[in-house]
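Please read the structure below before turning to the comments.
The values are calculated or read from the model by the stated rules, or taken from the named source; none is laboratory data. Just so we're clear, the structure is a prediction, and the values are computed from it rather than from any experiment. FYI the Cβ positions are ideal-geometry reconstructions off the backbone, even for glycines, and counts take in every protein chain you see. We work out accessible area using only protein heavy atoms, side chains counted, and drop any ligands, DNA or RNA first. Shrake-Rupley method; radii C 1.70, N 1.55, O 1.52, S 1.80 Å.
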Amino acid sequence: KAKEEPALQRELLAAAMPIMAQQQQTQLAVRVSSVDSAIAAIDNGADAIYVSGDAFLPQKPLTRKELLSIKTAAAGKAKFAVMLPRMVMPKENKALKEHLKFLNNLRPDAVIVSTIGELALVRELTRLPVQTDFSFNLFNPVAAKFLQENGVSLATTSLELSFDQLANLRQQASLPLEVIVQGPYESKICHFPLPVWEQNLDLLATADTEVFSHAYALLNEAGGKESIRLDQNMRTHIFFAKELCLLPYLHKFSGIASLRIEAQLYSPEQTAAITALYKEALGKKLTAAETAASLDKLQKLTTRPLGTGALSFQTSL
């Protein structure tokens, strides 16, 4: 039987013991897809800016000039990292290698990889620090040790971890960890462009077609609407029906090195307001009134219902 994604008020998370550790202050990272959104996040307290590796149509990938602009805006204010695409096909390897050569000269604070192949290429072609994204599905200390031994400085944890499993991973692993705490997040990615399933594939030759002016979604068996977006390579990204929101529980993540907002689908205005809310809440326990007020603001800023993801289950799904 289909199971609905967890809603916000979950007793298990509320009662969980905080994840504690001796370390530097937790940073707030924000993933963006435009120069304006990057500046909005920086101006509202982001400690790190991640430039999205995928551009969702009708947006286009950031140019080298735009990447340089973001690096300049972040200088002295926030770390600047560049993400690589979630998926790279053999025919795209040449372009990826040229991109890495450019990044080696641009010298961002880190490159964020999504696959083992990307990790190998970054280590071969650059001298840059490397982080791993959630697609590595980091789940246990053995995997964390492997990543650390292969030069990874920060790793995003699996989206399938329960809170207890995350706490155990943090206790056993010496690799600094990042947890996604806010935003639309991906459940699946596939190579075929679903929105044009029944249409002429010649339409894919241009991003100006009417296909890309509409919002698409899949209706899951629990009644949730899973948003669909196409990236620059016409691959389909499917997002969970509920938007992740862990704002009421931030104080429980004090032992985590980095907390991330997925703002790649937000406007600059949304990015500014949501970054400010999380920056204000970071490192303190909100009162009931503060939590209610912040959640009310978040719900008005976003277009999807809010939820807590797999973290609110006793074990992973």
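May I ask you to list the residues of the stretch 100-134 whose amide nitrogen lies under 20 Å from a point 7 Å from Cα along the Cα→beta-carbon direction of Ser174?
The answer is 129-132, whose backbone nitrogens lie closer than 20 Å to the label point.
Applying 1/(1 + (r/R0)^6) with R0 = 25 Å to the Cβ-Cβ distance of Ala222 and Phe139, what FRET efficiency is obtained, to the nearest 0.05?
In this case the efficiency is close to 0.55.
Comparing Ala144, Ala40, Ala15, which has the greatest mean-square fluctuation in the GNM of the chain with Cα pairs linked when under 10 Å apart?
Ala15
In whole percent, and with a 1.4 Å probe on the protein chains, what portion of the accessible area of the stretch 263-317 is carbon and sulfur?
In the stretch 263-317, the share of accessible area belonging to carbon and sulfur is 57 percent.
Quick check on the stretch 253-317: take the gyration tensor over C-alpha atoms, sort the square-rooted eigenvalues as a ≥ b ≥ c, and tell me if it's rounded (a/c under 1.5), prolate or oblate.
Rounded, because the longest to shortest axis ratio a/c is under 1.5.
At 1.306 mPa s and 10 °C, plugging the Kirkwood radius over alpha-carbon pairs of the chain into Stokes-Einstein gives what diffusion coefficient in µm²/s?
Result for D is 79 µm²/s.
So how much slack lies between Lys285 and Ile189, counting 0.36 nm per residue of separation and subtracting their Cα-Cα distance, in nm?
Length difference between fully extended and current span is 31.0 nm.
Given q = 0.18 Å⁻¹, what are the Debye log10 I(q)/I(0) values for the stretch 7-131, with equal point scatterers placed on the Cα positions and solvent ignored?
Relative scattering, expressed as log10 I(q)/I(0), comes to -0.98.
Percent of accessible area on the stretch 30-82 owned by carbon and sulfur, 1.4 Å probe?
Taking all protein chains in place, the stretch 30-82 shows 54 percent carbon and sulfur surface.
Can you return the lysines within cross-link range of Lys285? Criterion is Cα-Cα under 17 Å, with same-chain partners fewer than 8 residues away left out.
Lys252
Solvent-accessible area per residue for the stretch 1-159 at a 1.4 Å probe radius, Å²?
Per residue, the stretch 1-159 has an accessible area of 51 Å².
Run the accessible area of the stretch 84-196 with a 1.4 Å probe and give the carbon-and-sulfur part as a rounded percent.
It is 52 percent, rounded to a whole number.
Using a Förster distance of 41 Å, how high is the FRET efficiency between Lys94 and Ala15, based on the Cβ-Cβ distance and rounded to 0.05?
Efficiency at R0 = 41 Å is approximately 0.20.
Taking the alpha carbon gyration tensor of the stretch 88-196, what are the square roots of 5 times its eigenvalues, largest first, to the nearest whole Å?
Square roots of five times the eigenvalues give 25, 20, 12 Å.
Shape call for the stretch 1-75 from the C-alpha gyration tensor, a ≥ b ≥ c root eigenvalues: rounded (a/c under 1.5), prolate (a/b greater than b/c) or oblate?
oblate
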